[in-house]
1. If the requirement is being within 18 Å of GLN42 (Cβ to Cβ), of a type in the set (Lys, Arg) and modelled with pLDDT of 85 or more, which of these qualifies: ARG182, ARG111, ARG151?
2. Those residues that are closer than 17 Å to GLN134 by Cβ and among the basic types (Lys, Arg), I need them from segment 1-60; list them, please.
3. With the requirement that a residue be loosely packed, with under 12 Cβ neighbours inside 10 Å and either in contact with a Leu (Cβ under 7 Å, 6 or more places away or on another chain) or of a type in the set (Asp, Glu) (or both), what does segment 42-87 give you?
4. Of all strands (runs of 3 or more DSSP E) completely enclosed by segment 67-143, which ones contain at least 3 residues that are farther than 19 Å from GLU31 by Cα?
5. Would you say THR54 is at pLDDT 85 or above, in a loop (DSSP other than H, G, I, E, B), of a type outside the set (Phe, Trp, Tyr) and farther than 14 Å from GLY140 by Cβ?
6. Of the numbered conditions (1) in a loop (DSSP other than H, G, I, E, B); (2) touching a helix residue (DSSP H, G or I) at 6+ places or on another chain (Cβ under 6 Å); (3) under 30 Å from GLU56 (Cβ atoms), TRP154 fails exactly one; give the number of that condition.
7. Test each condition in (1) farther than 22 Å from LYS110 by Cβ; (2) at pLDDT below 85 for GLU5 and report the one that comes out false.
8. Go through segment 1-40 and tell me which strands (runs of 3 or more DSSP E), entirely inside it, have 2 or more residues that are more than 21 Å from SER127 (Cβ to Cβ) and touching a Lys or Arg at 6+ places or on another chain (Cβ under 6 Å).
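The values are calculated or read from the model by the stated rules, or taken from the named source; none is laboratory data. Predicted model, so just to flag it, every value in this text is computed and none were measured. All Cβ positions, even for glycine, are placed from backbone atoms using ideal geometry, and neighbour counts span all protein chains on display.
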Amino acid sequence: MRGMELHQINLSYVPVQDRLLMRISTRDQTEFRLWFTRRLTQRLWPSLFKLLETHETVSTQATADAKRAVLEFRHEHAMQQVSFGSEFAGTDLKPALEGEPMLVQTVEMKRSGEQHYLMKFLPPQGSGIQVQFQEAIVHGLAKLIADALKRSDWGLQLQLPGTQPGLAAGAEPAPAAQVAPRTLN
């Protein structure tokens, strides 16, 4: 399992593959490329927000409406801290993995301190990569996923905080009992 110091993230829909391509660059100019399938993305979405709900300012709220309001506030605040304006600087990066991007089958997520979250992206076989994200970056990742899905024809209607986080009709969110640590596959 490789760890890294994050520099930039890019997420795009690749029609030929019918997958999302996540590109992560590190401070040492290394690039990790990961494929997300529709199934993984559908399961990852509600789990991202369940993970963010573990923050004390959210989890200690008495009602679901209060939790949703605090999560929405934290999301809006995080969006002010994250830069979406700069282009992904991927031209001079060394590929961490030779060949095709790693197909992610499982994502394990948990809190790692007060403002950090640890995500492990695991392929069907072999070791994966481990990334520690600041809370604002997890919110930014949710926005990147939502934006990339607008260009897909997957029919997933993912909503950011401020509305009921959820999926398109007929899709099932992750069970509430799986809060942290979480494993998706």
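1. None of the others qualify; the one that does is ARG151.
2. ARG27, the sole residue that qualifies.
3. GLU56, ASP65, GLU87 - these are the residues of segment 42-87 that are loosely packed, with under 12 Cβ neighbours inside 10 Å and either in contact with a Leu (Cβ under 7 Å, 6 or more places away or on another chain) or of a type in the set (Asp, Glu) (or both).
4. On the way: elements: 106-111, 116-122, 129-134.
Answer list for segment 67-143: 106-111.
5. Details: at pLDDT 85 or above: yes; in a loop (DSSP other than H, G, I, E, B): yes; of a type outside the set (Phe, Trp, Tyr): yes; farther than 14 Å from GLY140 by Cβ: yes.
The answer is yes for THR54.
6. (3)
7. (1)
8. Of the strands (runs of 3 or more DSSP E) lying wholly inside segment 1-40, those with at least 2 residues that are more than 21 Å from SER127 (Cβ to Cβ) and touching a Lys or Arg at 6+ places or on another chain (Cβ under 6 Å) span 6-14.
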